[in-house]
Structure formats: structure tokens, C-alpha cells
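Working notes for the structure below.
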Amino acid sequence: MAIRPRAIAVAIPAPAPPARWPSARVRESLGGMGLLLPTVLILVGLVLYPFFYAIWLAFTDKAVGSPGQFVGFRNFAYVIAWPQFSAAIFNTVVFTVSAVAIKFVLGMAVALVLNQQIRGRNFFRSFMLLPWAMPAFVVYLVWRWLYDPLSGLINYALIDLGLIASPIAFLSDRSTAMASVIVAHSWRSFPFYALAFLATMQTISQELYDSAQVDGASRVQQFRYITLPGLYHIIGVVLLLTTIQTANAFEPVYLLTGGGPSDATMVYTMLVYVMGMVNLRLGEAAAVSTLFLPLLVGLVLVVTVLLQRKANA
Amino acid sequence: MREPLSIRVTIYALLALFVLMVAVPLFWMVTTALKTNKDLYEDFSYLPTRPTLEHFVRVIQREDLLTNIRNSLAVASTTTAVTVVVSAFAAFSIVRYKYRGREWIGRFILFKYLLPTAMLFVPLYAIVVAMGLGNTLKSLMLTYLSFTVPFCTWMLMGYFRSIPPELEEHAMVDGCTKIGALFRILLPLSAPGLVASAIFSFTLAWNEFLLALVFTSDQTTMTVPIKLSMMVAGDQYIWGQLMAGAVLASLPIAILYFLGQRFVVQGLAAGSVKG
Amino acid sequence: MARPAILPTRREFLKSASVAASAAAALSFPAPAVAQRPKLVYWCYQFLKASDEARADFAREWAKKNNVDLQLTMVPWKEFMPKITAAIEAKATPDVVESGGVELRGRGQLLDVTDIYKKAEKAYGGWVGPSSKIMLEPDGRVHTILYGLQGFMLIARDDLLAQAGLKPPPATWVDLLAYAKKAQQPPKTFGIGQAVSNQTDSQVWEDIMKSYGARLADDAGKRVVLGDYKPQTWEFLDYFTEVWKAGVLPPGVATWDNTMNNSTYQSGKAVFVFNPVTISLWLEANNPELLAKTGHYIYPRGPKGLIQPLTYASRSILKYTKVPEVAKQFLWDSMEPGKMDREMSVAQWGPVLNAYLGFDVWKKKPFMKSLIDMSLKGEPQGYPDVFNDAWREQSTNTTVSRMLQRIVVDNWSRDKAFAETLDVLTKVYAKYA
């Protein structure tokens, strides 16, 4: 039976106390928990257990094939003293903050444009989602090819346009490598921001804009006083989720630069990969992951606290 | 109310800029797939001098990419179906029931994403093998749930909250069970949210790389991203074939988004306002 | 029937719980039926299509002939370690693998195959070059059987060199630079297509450094001694700086992966590259005219002599195998000369057994001749350092190349870069001491 979603005032008679079960609330609770059970199983078995196992690994000298004994904080000391570790912290922060900022601004701009009455709106909305829909492997391979100094489109175009004289090795020069990775990653991920913002903007009533227009408010003022407040909640959630995801990004660096040149783009996930999968020292890899957790949790807390403040304001 | 011309021009100009920004790499991908090897490596050209389908033919015939596309479809569809069901149940449970602890799960469910796959995949593989699922598509269908369910649950929680509970209560007064109300009232009203969850889940499952790499070993189970990476065998890149494979790998998703984009927007909309 | 149904009945709770239970049941997998034939799980090394296919085809025929249930997986060399890591942890290992022989040996993961080693030595005329050195462990045991030698060789555009009035091969590294400068015509062609990155193709620089007399660790492979070789290292750095400043390296070498030197040479943009013969095999199939202009040589010499490192292909059996006799039989049959003859004509390996020296392929394909040359004159990778876990870890982390990048990418002083390198090496070697 299809029911239109309008508020309906309904008088509900008080329920009669049931005869058979001990407590109505217990029955309901069990029903609810039963529905939640599959999710809880997934979270415990596929998330929590591997997580605690990984932390335990950090305190052992486990390498592939050897059983691994408890070694206390030795891995942590080793990893912290490793030359690329401090670079990893710096690069991860720079990458995360820059990428999130760029994606945010770009996503917001795109959402604003797509929220307007334009012809072919549906088509453009789908089109703008493509970078995020495609497999990451494909995206970064294409960008690799784009940046190539000898056969890539970007260099050829820049030279043909007379903007540069000889090719720039975007991914191999310390001054451009990180920025190039950030650009490629932002291209891939901005649609998620645009999507989230656009969706929320759709829920803001057009009447608000119309009456503001009548009152003489400019577009910028409309954005500041109507659009933005309506987006506070989603902005908070999006920032939370994507900050974590950006900090945990692996494919952009792995596929574009491998952490190079030197340690210019070495981010923490790349370091975990090298220590765990290349050197086969699982204990060390787990130590790196564990050490970065506080940083990530800190980021999460900062964002959620800011959210709370805004919500309470 | 008519928009002033300057505003309209600005909007269309920005739109053109954004479309160009998205289109250039896609253009590069498609034209590379259509260029001959000579065009690719020896004499650079923006457009293919003699467009050829040889890379597509190679990738379908010699690499048998269609099998991998079929594998990816199977994994993504199953993961999606299970995800939507499990997430809907979980969201319903958290939002419409009262029992201790539900608030905590709702609040912390997104924390799963703090943990990178690079940290979790070794123990996950041990679990998969212990269940006898080594080198099967089922192993992926199971483990992918770990990153599709949390987000979809969160999204549906927001969506369900935006629908007044009075409607279900009204139905329950008329004799419907609580779960019956879920199926007869809440879910139909939440269709956009469910479709959005399905599309998100499908995308995440389709694109996943690291777990598929470790869990699958041969052509019968490999998904498309892994197959593409295998094509970069040894020390030879075959850009033409890689890009042809990339185009084929992106097509199903592109179609999905073109068809379902409206639902995704709607689905996120309600979920995002209050949450 | 106005039964108040706000509260769930027993039925409803069971329904919701059963949904969860059936989901779990649907995902579980029935135990496989006990196999009648022995099952062999074989991870086939994937690197070069024709060669991979030859080995895979042989395995399939062998399985049919010997009534074995074969499960074959192609594993690219780059993905091998993550896969075997997870497999060992999950106790779901293959029986036969074709990668990681020395790494797995060092971790005690392999089955003893000394008997096969001795049998092959006797039946096939003895092992070529450093093969024995690579396989034999200090206690005389063998856990991995080589089936091919490979190494980086100097691949050169003989036609461009001839145009510049030069006669290849350059005898020393200094000659190489001089040739490269003279024959190149940037940006169309660059002199030396050699990576200076974090990928293992960059390891050529470590070999060059060693030909200048430096070494990383002592003869036991335990203590780092590079600090005692500062003068030799400085001489090497002088050479490297000259190469870097001469503009013979194409743009982007600081992040080249292992495919870039191939594609650069194959598209005609480099005069010299260092690579295994995979480039030539590709050219044979895709660009025979370019192959005809290509020369294949062993490494140039340094002031202190020739360092020509060799890698190898080998087969090993995981010690957890449930079919050791079947696996050993497979290894033995894989060494049979008739089969190896067919395989090596499409592969990139040099011969490991003297019985293979008579194959036609060495004569028919000119680039194979240098493979034999290399196999006879080469030393195990890392020479004069010991090929052990510590060396391998610093090598896959491209320690020497990183030192070079510190100098030219980060503009560090030599002393600072050298100090960091010593620090890293000491830390790595300390882990395995």
C-alpha cells in the first residue's frame, strides 16, 4: 500500500499488556537485536578481530613464515627511527589536508552549478560522477600516462601551447611530485563531495531562495545564509569520512610514484606496504599502522568536536 | 524568476570548465584504446591517425576479459544484494527499536573506515581460508561486506529517521507486525535510499583491488581490476590494451550511474539532513 | 483481527535471527570431496607471455600424463610475495612455486631437494657458472632448483653508435658515458635510459658502485663495512654526478618503474639501457627492424673489475606439501633437456646445466649468445656481498639509489647522504644478525 509521505496525525490506542512473554520491552529488544545481528557479526568478525590481531602483530617480530615472538616496543623504536618515517608523517598530513581542501572546494563548486536549472542537468550530473565510479587502478594509470614526460598529453599540450619549452617530469621532480599526485587524486575523488553536497542542497526549499531574492539578497549572501547552514551536518560527515579515507589512500601513491622521488611522496600507507609486503616484516608494518592510529583518531575527534559545536550553536 | 544573463553565463562557463576537467583524462583513455601502437609510442598525436579496434579484440579474445567482467558482476551484485538487506535491517533496528547499546553502534559504525585494508588483509585471508573459501568469488562477497555495510547502514539510518514513524505505527494498529511495517511501509518509502545504497555498494565492490589480489588466483575468480594489473606483466606496459580493458571495466559502472544517478542524489538527500 | 502487534512475537524474533543464520549458512562452503588423484598446486611465474605459456603448457601435459590433478595459477613476480605471505599465514600454501626461492629458503619454508640437485648434476653434465654457488647452502644442502639464469645486460643501438663513429661495446663505465654523450640526440633520443628511483631496476647503480671497489658488508654478510670504503664511494659518486649532469638520462628517471626503460628503448628513444633480454624478445615479436639494430653486451668494467650480477629462475617446493614425491617428480621432469630446449627458445633465460649449452637457440638468436657469456662470467646478485636476507632487504629498498636521489633530488651533501645510507644499512643488517 503506497502512502504519500505527509505528516499524518494518528491516534494510537494504548497497547494491551501481552499475556505470554515476561516483558514487552524484552521481546522488542530481542527483535531489534536480531535484526542487528548480521551487522554485528560482520563488524566483529571482519573488522574488530583483524584489527586487534594487527595490533598484536605490532608487538611481535613476525615476518612471513616465522612464528613471531613478543618483542615489546622494539618495532616501534625501529620504525620511528627509520628515515622515511618522519617524511611519512609530514607527507600524509600535507596530502590529506591539501587534497581534502581541494576536493571540498571543487565539490562544492560543482554541486552549486549542478543544483541550478540547466539544460541536460541529469546527463551532466551522471557525467561528473564518472571519475569516482571508475576503478582506481584505471584512473591512476591514465594519469600516469597523462603526466609522462616523453609521451604524455599534458607535456605535449603545454609545449604546443608555448607555455613551456621542454617537458616537465611532473612525477619525478620534488617540487611537482606531491602536487601532481594530489591533483590526480582530487580528480578521482571530488565527485563524492559533489554528490553529497548536491543531494543535501536539493532538500533546501526553493522558497527560501525566492523570498531572499525578493528581499534583495545577492547570490553570495544566499549561499552564505541559506545554502551553507543547510549543509552543516553533511559537511561534517563528509569531512569526517573523507579525511580518514584520504589519509588511508594507498593507490594514488603506489600507482603514480611509488613514494618517490626520494621520499617526496612517501605516505604512511606506502610505508606499511613496503615494510609488510616488500620486506615481509609484518610486525614492523603493523607498528607503522598502529602508530598512525592516534593521528587518525585525533583528526576524527577534531572534526566531530567541531561538528558538535556547530550543531549546538 | 528569470536569472540575469551574467549569472547564467557564469554558470554555463563554470559547467563547461568542469566538464572539460572531467573529460580530458577520459578522452585520453578512450583515444589511447583506439590508437595503433605506432601512434602511442613513436609519433605522438592527439587523436588516433587510424582508429583501430585491435586492442579491444585482443583484450577480449586473448585476455578473455569478459570472464573477468562476469566475475566482477557476480561479486558486486551479490555483495550489493546482501549489503542492502543487512544494512536495511540494521538501520531499522537502530532507528525504530529501543534497546541498550544501539546508539553506540550507530555512532561508531563509521569508525571502521579508520582501519586501512593494508592492515587488515592478512588476518582476513586467514579467516577466508579457515572457512574453506580460498580462491572463490564467495570469499570476496563475504569480506566486501566489511566495508559496504557500515556506510550503507549509516546512510539508511539517516534516511529512515527522516520518515515519520507514525506511518508504521498507524499500520501496526491496523494489525500489521513491526517487521511487516518495515516491508510494507518503510522500505517502499525508502526506495531512493535503498537504490543509493545499492549503487554505492556496487561501486565499492566493483573497484576493490587489494583483497581481490590476495584472495583470487586464477582466471575463474579474478575480477577486472586484478586482471588489468596482471596485464602489466613483467616489465612490459601495453597501453593500448590496458586502456581498452579500462574502458570495458568502466562501462558497466558508467551505465549504472547514468541510470541511477537520480536515486543516488535522492538517497543521500534525506539521509544527510539530520542523520 | 485486531491483535495488537506492536510487540514482536516469538515467531518474528526467530524470523529475524534466522535471516542472520541462513545468511551465514549460505556463505559456508561444503568440504570438498576427497580427491582420487593426487593434487598439485603450482604457482607458475608470470613475466613474459611466451615463456610463461610454455611452462604452463608443459605442466598441463605433465599432469595429464601422470594422472595428477593440477591447479595452476599464474603469479606475476611483483605480486608473488604478498600472495605467498597470506598463503603461509593462512596455512593454504601451494606445492610448487617459481619465485622467492632464496627468500623462502631463508625462512625455512622449503622442502629439501638436495637429491634432485645431485641427480641433475650427474645426469646433465654439471652446473653452469655460479649456479651451484647460488643453490648450495653452507651445510651442503639445496632447497631450490635453478632452471634459468638471467641478468641485466647492456642493450645498445648499434646503428646510432655506428652513425656517431663509435664501435660498441664500451669497455668501461667511463667509455659508456662518452659513447652516450656522443650518440644521443635529445629530446629524440637519450643516451642512457637508466632509472634512479625506488624501483629495483635502479639497482644497476649498486653494481656500478661495486665495480669501483666499494662493498656493503663483510664476507660473512653480517657487519656493515661500507664506511671503510669512502674513497671508492666518492669516486663512484663523481662518476654518477657526471652522468647526471651530462643530460644523458631522460626526464623522469627519478620515478621510473621497472617498465619505463623497456618502453623507452622499444619506442626508439634510448641509445643504451640495462635490462634482461625481455626487451629483445618483445622486439622480436613486435619490431624486428629495431631488433636488427640492437646489440647485446655484458656490463662494462669499473676501475676495480667486472661486476656482472646474475639473477635466476628457480623452482621450489613448500615444505607443507602433502605430495612431496609428486612435486619432486615434477621438478625433475621439468629439467629434461628436450623440454628445456623448446622452452628456452621462447624464454629469457641463460642455461644452468652444461647439457643445455648445445641448444640451437643460442646460435639462432644472436641475443642469446650474450646470455651464455653472462652466465659464464657472472656472479650471484650482490657480489661481492653475500646474497642473504639483509642484502635482499636493502636491495629491494634500493638503498644506493636512494643515496643518489638524496644528492640530486634533495640536494643533500655527499656526507649527509652517505651517513644516512650507512645508518639505514646498519639498521637493516642488525635485524638479521
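Just so it is clear, none of the values below were taken in a lab; they were calculated from the coordinates. Because the structure is a prediction, the values reported are computed rather than measured. Every residue, glycine among them, receives a Cβ derived from its backbone with ideal geometry; neighbour counts consider all protein chains shown.
Peptide A:211-220 has a mean shielding of 1, counted as Cβ atoms of other protein chains within 10 Å of each residue's Cβ.
Tell me whether region A:85-192 comes out rounded, prolate or oblate; compute the Cα gyration tensor, take square roots of the eigenvalues as a ≥ b ≥ c, and use a/c under 1.5 as the rounded threshold. Cα axes put region A:85-192 in the oblate bin. With each label modelled as a point 7 angstrom along the Cα→C-beta vector, the C:Gln163-C:Trp332 pair spans 5.6 nm.
The residues neighbouring A:Phe90, those whose beta-carbon lies less than 14 Å from its own, together hold a net charge of -1 under the Lys/Arg +1, Asp/Glu -1 convention. By the Cα gyration tensor, the protein assembly as shown has an equivalent ellipsoid whose semi-axes, rounded to whole angstrom, run 54, 35, 26 from largest to smallest.
Sparse packing (at most 12 other Cβ atoms within 10 Å of the Cβ) combined with a DSSP loop state is found for the following trypsin sites (Lys or Arg not before Pro) in region B:57-138: B:Arg62, B:Lys98, B:Arg100.
In summary, the helical segments of chain B meeting the span-like criteria, namely a full DSSP H run, a Cα extent along the axis of 27 angstrom or more and a mean Kyte-Doolittle hydropathy of at least 1.0, are B:5-34, B:65-96, B:239-273. Applying D = kT/(6 pi eta Rh) to region B:1-112, where Rh is the Kirkwood radius over alpha-carbon pairs, T corresponds to 20 °C and eta to 1.002 mPa s, the Stokes-Einstein value obtained is 107 µm²/s.
Short-range pairs are left out: with C-alpha atoms under 8 Å and at least six residues apart, the relative contact order of chain A is 26 percent. Here B:Lys98 is the anchor, and the lysines within straight C-alpha reach of less than 28 Å, apart from those fewer than 8 places off in the same chain, are A:Lys310, B:Lys112, B:Lys178, B:Lys274, C:Lys15.
Just tell me how shielded C:87-94 is by partners: mean number of partner chain Cβ atoms within 10 Å of each residue's Cβ, no decimals. Before the final figure, lay out each step's value.
Numbers: counts 6, 5, 9, 12, 3, 8, 1, 1.
Mean number of neighbouring Cβ atoms from other chains: 6.
Debye-formula intensities of region C:262-301, expressed as log10 I(q)/I(0) at q = 0.25 Å⁻¹, are -0.85 (one equal scatterer per alpha-carbon, no solvent). For the options C:Ile88, C:Ile145, C:Ile407, a Gaussian network treatment of chain C with springs between C-alpha atoms closer than 10 Å singles out C:Ile88 as fluctuating the most. Spin-label pair C:Asp175-C:Ser132: with each label point 7 Å from Cα along the Cα-Cβ axis, the two points sit 3.2 nm from one another.
With helices as the sole contributors, chain C gives -14000 deg cm²/dmol at 222 nm; each DSSP H run of n ≥ 4 counts as -39500 (n - 2.57), and the sum is divided by every residue.
Proximity of backbone amide H atoms, modeled 1.01 Å from N, is registered between C:Leu40 and C:Asp69, C:Leu70, C:Gln71 at under 5 Å, excluding neighbours fewer than 5 places apart on the same chain. Taking C:Pro187, C:Pro380, C:Pro170 in turn, the Gaussian network model of chain C (Cα-Cα springs below 10 Å) assigns the largest fluctuation to C:Pro187. Shielding of peptide B:167-176 by partners, expressed as the average count of other chain Cβ atoms within 10 Å per residue Cβ, is 5. Exposure here means at most 14 other Cβ atoms within 10 Å; with trypsin sites (Lys or Arg not before Pro) in a DSSP loop as sites, the longest stretch of chain A lacking them is A:120-313. With both labels modelled 7 Å from their Cα along Cα-to-Cβ, the C:Lys122 to A:Val220 distance reads 9.2 nm. Rounded, prolate or oblate, given the Cα gyration tensor of chain A, with a/c below 1.5 counting as rounded? Oblate, because a/c is 1.5 or more while a/b does not exceed b/c. Hey, in the GNM for chain A with a 10 angstrom Cα cutoff, which one of A:Asn115, A:Asn75, A:Asn91 fluctuates hardest? Comparing A:Asn115, A:Asn75, A:Asn91 in the GNM, the peak value goes to A:Asn115.
Residues B:Phe151, B:Phe89, B:Phe111, arranged from fewest to most other Cβ atoms within 10 angstrom of their Cβ, appear as B:Phe111, B:Phe151, B:Phe89.
Coordinate range of the alpha-carbon atoms in chain C per principal axis, descending: 99, 60, 47 Å. Taking amide H as placed 1.01 Å from N in the peptide plane, A:Lys62 has its amide H under 5 Å from the amide H of A:Gln69, A:Gly283, each at least 5 places away in sequence or on another chain. Hydrophobic, long helices, defined as DSSP H runs whose alpha-carbon span along the helix axis is 30 Å or greater and whose mean Kyte-Doolittle value is at least -0.5, occur in chain A at A:83-114, A:174-202, A:282-312. For chain B, the gyration tensor built on C-alpha atoms gives an oblate shape. Its axis ratio a/c (a ≥ b ≥ c) is at least 1.5, and a/b is not larger than b/c. Near C:Asp360: Cβ cut-off under 15 Å, other residues only, Lys/Arg at +1 and Asp/Glu at -1. The net charge is +4.
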